[in-house]
Amino acid sequence: MNWDWDKLQEKRQRQQPVGRPPQKQPADRDGHDDKAEQEAPRAKHTSCGSSGPGGKPFENLQRMRAPGGRALWFTIPIIALLWLLSGIYIVNPDEQGVALRFGQYNRTVGPGPHYAWPVPLESVYKPQVTQVLRSEVGFRSVGQTATFQQGQVRSVPEEASMLTGDENIVNVQFSVQYKISDPVAYLFNVSAPTALVRNAAEAAMREVIGNSQIDAAITDGKLKIQNEATQLLQKILDRYGSGIQVLAAQLQDVHPPQEVIDAFKDVASAREDKSRIINEAEAYHNELLPQARGQAAAMLNQAEAYSTTRMQNASGEASRFNALRVEYDKAPKVTRQRLYYEAMEEILSGSHEKILMDSAAAGRATPLLPLPGLGGLAAPVPKTSEKK
């Protein structure tokens with residue numbers, strides 16, 4: 001490069017006016033001029049190594065090629081080995097691996113270590129197929145992810161307002177729990193599965209609420225509405241081929257609009273009072289009826305026992321009378337006297353005090369003798385039996 005610098009100096013000397021001494025560029029402390037300092041960076045970026053006045057660029061180039069070539073032979077296999085090793089991946093127990101080859105579905109693998117050809121030949125998606133996801137309709141939980149977590153609730157009126165079968169407006173807030181049943185369909189058949197579940201759930205619930213009465217939606221028909229909405233939502237998602245399994249559709253809050261909520265509360269309270277009174281009446285009926293049936297059965301048993309006893313006693317008395325009549329026919333006087341003694345024994349056994357008198361005293365005494373237990377009846381006067 002020295003010849004270029006010499007030519008530049010000669011050209012400047014020719015252009016200077018006559019009589020003016022030639023100017024010399026100031027030199028730095030090392031004796032180099034500014035031109036040499038400007039060329040230094042250009043020399044550093046040269047791919048052939050260090051070159052300059054008096055240098056040997058070809059020898060430097062040969063010196064640099066030899067080490068670079070040997071390093072390249074070692075670098076390429078290492079890069080290829082790392083590229084091949086990057087295809088090793090692990091599928092967690094709650095996941096399934098979906099492998100694509102050149103962008104097309106190739107296979108599905110289960111949990112554990114696996115291998116796939118590295119990018120750009122194959123790619124692997126690993127959706128969590130056992131995780132229960134949650135979608136909310138009519139409300140949003142602030143600071144909540146797709147899984148279930150407790151948090152503050154924000155109402156969404158445009159989703160919650162629904163029309164019932166009896167043409168009443170009701171605000172329905174519910175959540176849908178679902179999981180991935182077919183990872184391939186979940187990944188490639190729908191572009192936004194979360195939005196699909198929410199929109200399909202809203203459509204299914206609107207149809208079910210539209211076929212129900214407002215009383216059933218607010219009070220005792222919630223379980224039926226949940227089951228019907230779950231079945232209808234599953235049919236809609238299967239029609240889209242979304243690969244999603246609906247686990248449950250749970251009603252969180254069902255209430256009428258704010259403008260008429262007080263009147264509906266009064267009606268609901270009246271219905272609850274009606275149901276409570278009916279339940280109390282049924283409980284009293286169920287308690288009283290068995291008692292009445294038991295008492296009736298006891299009275300029937302007592303009547304039957306009394307009838308049997310009376311019949312048996314009557315039969316016994318009749319048999320006794322017949323036996324006594326036979327004996328009386330055989331010995332009338334003795335039988336009559338025995339009957340008299342038995343009657344007196346029966347009468348006197350019931351009295352606490354007994355007075356015995358002879359015939360003379362008995363003739364002078366008053367014939368009326370009120371004995372205890374006889375009810376004020378006079379004692380019978382014995383009569384002399386007549387001989388036949």
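The values are calculated or read from the model by the stated rules, or taken from the named source; none is laboratory data. This structure is a prediction, so every number in the text was calculated from the model and none was measured. Positions of Cβ are backbone-derived with ideal geometry, glycine not excepted, and every protein chain shown enters the neighbour counts. When the accessible area is computed, the model is the full protein with side chains, heavy atoms only, and any ligands, DNA or RNA have been set aside. Shrake-Rupley method; radii C 1.70, N 1.55, O 1.52, S 1.80 Å.
From the list GLN258, GLN252, GLN295, GLN291, the one residue that fits, being touching a residue at least 24 places away in the same chain (Cβ under 8 Å) and either of a type in the set (S, T, N, Q) or surrounded by fewer than 14 Cβ atoms within 10 Å (Cβ to Cβ) (or both), is GLN252.
Quick one: which of THR219, THR194 is open to solvent by 10 Å² or more (accessible area, probe 1.4 Å) and touching a Leu at 6+ places or on another chain (Cβ under 9 Å)?
THR194
Only one of the numbered conditions (1) free of Cβ contacts under 8 Å to residues at least 12 places away in the same chain; (2) hydrophobic (A, V, I, L, M, F, W, C); (3) open to solvent by less than 90 Å² (accessible area, probe 1.4 Å) is violated by MET311, and that is (3).
Might you check whether a residue that is modelled with pLDDT of 90 or more, in contact with a strand residue (DSSP E or B) (Cβ under 7 Å, 6 or more places away or on another chain) and of a type in the set (A, V, I, L, M, F, W, C) occurs anywhere in segment 110-120? No, segment 110-120 has no match at all.
Among the residues making up segment 200-236, a single one is touching a helix residue (DSSP H, G or I) at 6+ places or on another chain (Cβ under 6 Å) and farther than 22 Å from VAL170 by Cα: ILE236. Within segment 77-99, residues that are over 25 Å from LEU187 (Cβ atoms) sit with their Cβ atoms under 8 Å from residues that are surrounded by 12 or more Cβ atoms within 10 Å (Cβ to Cβ), at 6+ positions apart or across chains, in these pairs: TRP83/PRO118; LEU84/PRO118. Across segment 76-106, the number of residues qualifying as open to solvent by 60 Å² or more (accessible area, probe 1.4 Å), under 27 Å from SER181 (Cβ atoms) and part of a strand (DSSP E or B) comes to 5.
Can you find a residue that is β-branched (Val, Ile, Thr) and under 51 Å from the mean Cα position of the chain (by Cα) anywhere in segment 292-313? No, segment 292-313 contains no residue that is β-branched (Val, Ile, Thr) and under 51 Å from the mean Cα position of the chain (by Cα). Just checking: which of the strands (runs of 3 or more DSSP E) contained wholly in segment 160-269 hold 2 or more residues that are of a type in the set (Phe, Trp, Tyr)? Because the criterion is at least 2 residues that are of a type in the set (Phe, Trp, Tyr), the strands (runs of 3 or more DSSP E) in segment 160-269 that meet it are 169-180.
Annotation for segment 49-70: no member residue is open to solvent by 80 Å² or more (accessible area, probe 1.4 Å), of a type outside the set (Lys, Arg), modelled with pLDDT of 80 or more and part of a loop (DSSP other than H, G, I, E, B).
Among the criteria (1) in contact with a Gly (Cβ under 9 Å, 6 or more places away or on another chain); (2) surrounded by 21 or more Cβ atoms within 10 Å (Cβ to Cβ); (3) under 25 Å from ARG154 (Cα atoms), the one GLY210 does not fulfil is (2). Among the residues of segment 109-122, those identified as open to solvent by less than 60 Å² (accessible area, probe 1.4 Å), touching a residue at least 24 places away in the same chain (Cβ under 8 Å) and out of contact with any Leu (no Cβ under 7 Å at 6 or more places or on another chain) are HIS114, ALA116.
With respect to THR308, is the statement that it is at pLDDT 90 or above and under 30 Å from SER135 (Cβ atoms) true? Steps first, answer last, please.
Working: at pLDDT 90 or above: yes; under 30 Å from SER135 (Cβ atoms): no.
Judged against the criteria, THR308 is not a match.
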